[in-house]
Amino acid sequence: EYGDTLAVKITELEERIYEQARETFNINSPKQLGVILFEKMQLPGSKKTKTGYSTSADVLEKLAPEQPIIRDILEYRTLAKLKSTYADGLLTCLDEDGRVRSTFQQTVTATGRLSSTEPNLQNIPVRTEQGRELRKFFVAKDGFALVDADYSQIELRVLASLADDKTMIDAFLSGADIHSITASQVMGIPLENVTPNDRRKAKAVNFGIVYGIGAFSLSNDIGTSIVEADRYIKGYLANYSGVAEFMENAKKNAKEKGYAETYFGRRRYLPELQEKNAIRRGFGERVAMNMPIQGTAADIIKIAMIKVYERLKKEFPDSKLIMQVHDELIIEAPEKDKEKVALLLKETMENACEMAVPFTVDVQYGKTWYDTK
């Protein structure tokens, strides 16, 4: 049904795009699309490559605010991807009992996160309402409910703990919203005057720092000038000086040892740090800063999974851990046990290991995955 609904919307968008272009063409062909947009319609911002004009998402997104046809093309691509990958794709993955079973790989990602294949259930989109609708497909069996728990801001809590940054630790311990506190401290405005837009920018800095973000990338993410983005980053590192020191030490240690490691001692070797090429070396430095944080978070969720599994086996043998999406665990539990299982999940995940900043876990339950969000 969902696939049929998408098909109708996709056809409507196709017709609108052809009308604006004043001719029919293959929207999925970058070559044909490039000619229509940048030669026929003379839109600005074209990037010529060896094979024609670039019609990548970042090129088109810059034009989208001014051009209705671009907005339609981007929506068309989103819906076509949802239809082919999820509506049609999931049907081919159904087992005889009507269930979908993914395969989890432990040794694919360099950071140590689990990855999911055939089908990839960790990639179910959540940013748009159309993407979120997909979660309605995932339904607990009769008499059961899905219990869904996810760590709140685990990577930032790990960062505060590993860096032993007193300012960030205090911000978390105060129980206030970390992004609002960061906005207040970095932008120098009272907490009660922080606007949603200030918080959004601070959130991008908070998460960006974990990935070694530069001023250019941050300016793109938050829609400001490079100078202003640079000011935010410098303000952030001055405010959270423990984090700044941790980042520098992480790079230095990785260069000396040849690898970065998590809190639990799992290593990622980084030959890139010895590269003469500055771009490759820069990549290695960013990984050296990020891997201890993202890798430690990945280790913690695996520890939590083992502990949850052991407790369920003893206390609720009819409940099963059926899904992991990075910081999120899902259990299928008998309807009558769902509240107790939710409590078990929250307790076990929050106490998977002890660090300077306690972990907090949000738990919901419902008949479908959609209901738990």
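The values are calculated or read from the model by the stated rules, or taken from the named source; none is laboratory data. What you see is a predicted model, and the numbers here were worked out from it, not measured in a lab. A quick note on method: Cβ atoms are made from the backbone with ideal geometry, for glycine too, and the neighbour counts reach across all protein chains shown. For the accessible areas, the whole protein counts, side chains as well, though only heavy atoms, and no ligand, DNA or RNA atoms are used. Shrake-Rupley method; radii C 1.70, N 1.55, O 1.52, S 1.80 Å.
Carbon-plus-sulfur fraction of the accessible area of the range 1-127, 1.4 Å probe, in percent?
On the way: 3820 of 7840 Å².
Carbon and sulfur: 49 percent of the exposed surface of the range 1-127.
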What aspartates and glutamates does K252 reach when the alpha-carbon gap must be under 20 Å and sequence neighbours fewer than 8 apart in one chain are set aside?
D164, D165, E261, E272, E275, E285
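Which value, in debye to the nearest 20, describes the size of the charge dipole of the chain about its Cα centre when Lys and Arg Cβ atoms bear +1, Asp and Glu Cβ atoms bear -1, and nothing else is charged?
On the way: 52 positive and 55 negative charges, 240 e Å.
Its charge dipole is roughly 1160 debye.
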What are the extents of the Cα atoms of the chain along their three principal axes, listed from largest to smallest and rounded to whole Å?
63, 55, 47
With a 1.4 Å probe and all protein chains kept in place, how much accessible area does F104 have, in Å² rounded to the nearest 10?
80
Just how large is the dipole of the range 50-160 about the Cα centre, in debye to the nearest 20, putting +1 at every Lys and Arg Cβ and -1 at every Asp and Glu Cβ?
220
Distance between modelled label sites at C93 and T195, nm, 7 Å Cα→Cβ extension
4.2
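Can you give me the accessible area per residue for the chain, using a 1.4 Å probe, in Å²? Working shown, then result.
Values: 19600 Å² over 373 residues.
Roughly 53 Å² per residue, with all protein chains present.
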Positive-end residue of I154, V139, G112, charge dipole of the range 81-170 with Cβ unit charges
V139
Quick numbers on the range 13-102, Rg and Dmax over C-alpha atoms in Å, give 16.4, 54
Cut-off 11 Å between beta-carbons: net charge of the residues surrounding E261, Lys and Arg +1, Asp and Glu -1:
+3
For the range 296-349, with the dipole built from +1 on Lys and Arg beta-carbon atoms and -1 on Asp and Glu ones, taken about the Cα centre, which of I330, T348, P317 lies farthest toward the positive end?
P317
Partners for K47 among aspartates and glutamates (Cα-Cα distance below 14 Å; same-chain residues under 8 apart left out)
E39, D58, E61
For each pair in K257/K302; K136/K320; K313/K338, compute the distance between the two Cα atoms and list the pairs where it is over 23 Å.
K257/K302
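For the range 174-262, give the percent of accessible area contributed by carbon and sulfur heavy atoms, probe 1.4 Å, rounded to a whole number.
Working: 2350 of 4410 Å².
For the range 174-262, the apolar C and S fraction of the accessible surface comes to 53 percent.
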For the range 43-50, 3J(HN,Hα) per residue [Karplus equation, 6.51 cos²θ - 1.76 cosθ + 1.60, θ = phi - 60°, Hz, x = Gly/Pro]
6, x, x, 6, 10, 8, 10, 4
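Show that you can apply the helix-only estimate: for the chain, add -39,500 (n - 2.57) for every DSSP H stretch of four or more residues, divide by all residues, and state [θ] at 222 nm to the nearest 500. Please report the intermediate quantities before stating the final value.
Numbers: 14 runs with 183 residues, N = 373.
-15500 deg cm²/dmol, from helical runs alone.
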